[in-house]
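Participant: Supplied in structure tokens, the structure appears directly below.
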Amino acid sequence: MKKILIFSASIGNGHNQAAKAMQECLAAKGYTSMIIDTLEYISPTFHKILLESYTNLLKLSPKMWGRIYHNTERTRFFDMNVMMNKLLANNLKKLINSVNPDAFIATHPFASCMLSVLKGRNEWPEPIYTIITDYTIHPSWINHHINYYFIAHEQLYYLVDIYQHEYQKFKPMGIPIMKKFREPLDRRELKIKFGIEPGQKSIILSGGGLGLGPMEQVLDGLEQIEMPLKVFVLTGLNEKLYSKVTGRGYRQEVIPLKYIDNFHEYLEVADLIVTKSGGLTTAEVLSKKVPMIVYNPLPGQEERNSHFLMNNGCAVHANVTEQLIYYIEELLQNEMKVDYMRRMADVIAKPDAAERITEFIMQDMNQ
């Protein structure tokens, strides 16, 4: 039985979700796999420092993160390979030698880089497959000794040309999502389950896994809308936001939710979603063809995801709350525009990405 090690990192929840989607699909094909939270495994202390630094940067100075992202598109601040060699490689090598896998999958750029370093040092023949989890390609994902890269869409090939890398290594298979997002559901039954009344429109407000964004301002703005709404607020790990929303009263029906494992069910009944356009969230929403309003995306990868969606007619972008409320009202009333956005989402979505990637890997490994 083939064994595959999947290396992710808990810096942004989407990387882990992509890893789980691949593990689910590999298991269905009879492959054994193990997911490694790379930095947590190698150095819990270093992982904690890096995660806290990243989270604080996003909360306190998203513009600084944007500058870092855009600057590193042109040149890296340091040689990542040297750092990985000095600090991280030995513990990872010990794990890999104990498992003796037939292949590697990376769903985070750190993991891709580490595997590249180790393969270069040890001359491992086993292939490395990197899954890029955004609708863009940042050069931090690109490393030596990677056999193939799976990218979100054919439209991203222009970036491959810009970076002057081997064109044939990049396969536009999509971003892998869990099987439950492409299974048919009974919308009527789910509306009853979630208590959505006839004539009531349902909206999802999502600030990602960290529950970022000015949600309270958005909820204040929704109070101005006359039609009855049921608003599901996904607060993620943001306990402060959850407490604030829970402790307030609203004219509209507002339901705060912590981390949930049935996001696919909420998407099934949603008339629209307000989101920050993280890569995995975007892929999941596209699979359900829900119209998107991208609100205050983080500079960097979320901003690039937003551009991709707008260029393909799947989303509109709002920078201020007043603009957001205008778009919400428009989409709740304009059936023609909503129908167009759903049709465009259907064109762009690749809900079977995990299966396509798995089939490709199986064929490549068995050649």
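Participant: When residues of the range 318-355 are filtered for being under 29 Å from Tyr149 (Cα atoms), free of Cβ contacts under 8 Å to residues at least 40 places away in the same chain and either in contact with a helix residue (DSSP H, G or I) (Cβ under 8 Å, 6 or more places away or on another chain) or of a type in the set (Val, Ile, Thr) (or both), how many remain?
Facilitator: Total meeting the criteria: 1.
Participant: Continuing with the same structure: With the requirement that a residue be part of a helix (DSSP H, G or I) and buried (at least 24 other Cβ atoms within 10 Å of the Cβ), what does the range 268-283 give you?
Facilitator: Correct list: Gly279, Leu280, Thr281, Thr282, Ala283.
Participant: Any residue at all in the range 131-154 that is of a type in the set (Asp, Glu), modelled with pLDDT of 90 or more and assigned to a helix (DSSP H, G or I)?
Facilitator: yes
Participant: Looking at the range 291-367, what helices (runs of 4 or more DSSP H) fall wholly within it and have at least 2 residues that are out of contact with any Cys (no Cβ under 8 Å at 6 or more places or on another chain), modelled with pLDDT of 95 or more and among the β-branched types (Val, Ile, Thr)?
Facilitator: It comes to 335-348.
Participant: Consider the range 111-127. How many of its residues are surrounded by fewer than 23 Cβ atoms within 10 Å (Cβ to Cβ) and in contact with a Leu (Cβ under 8 Å, 6 or more places away or on another chain)?
Facilitator: 2
The values are calculated or read from the model by the stated rules, or taken from the named source; none is laboratory data. Since the structure is predicted, the reported quantities are computational estimates derived from the model, not experimental observations. Backbone-built Cβ (ideal geometry, glycine too); neighbour counts: all protein chains shown.
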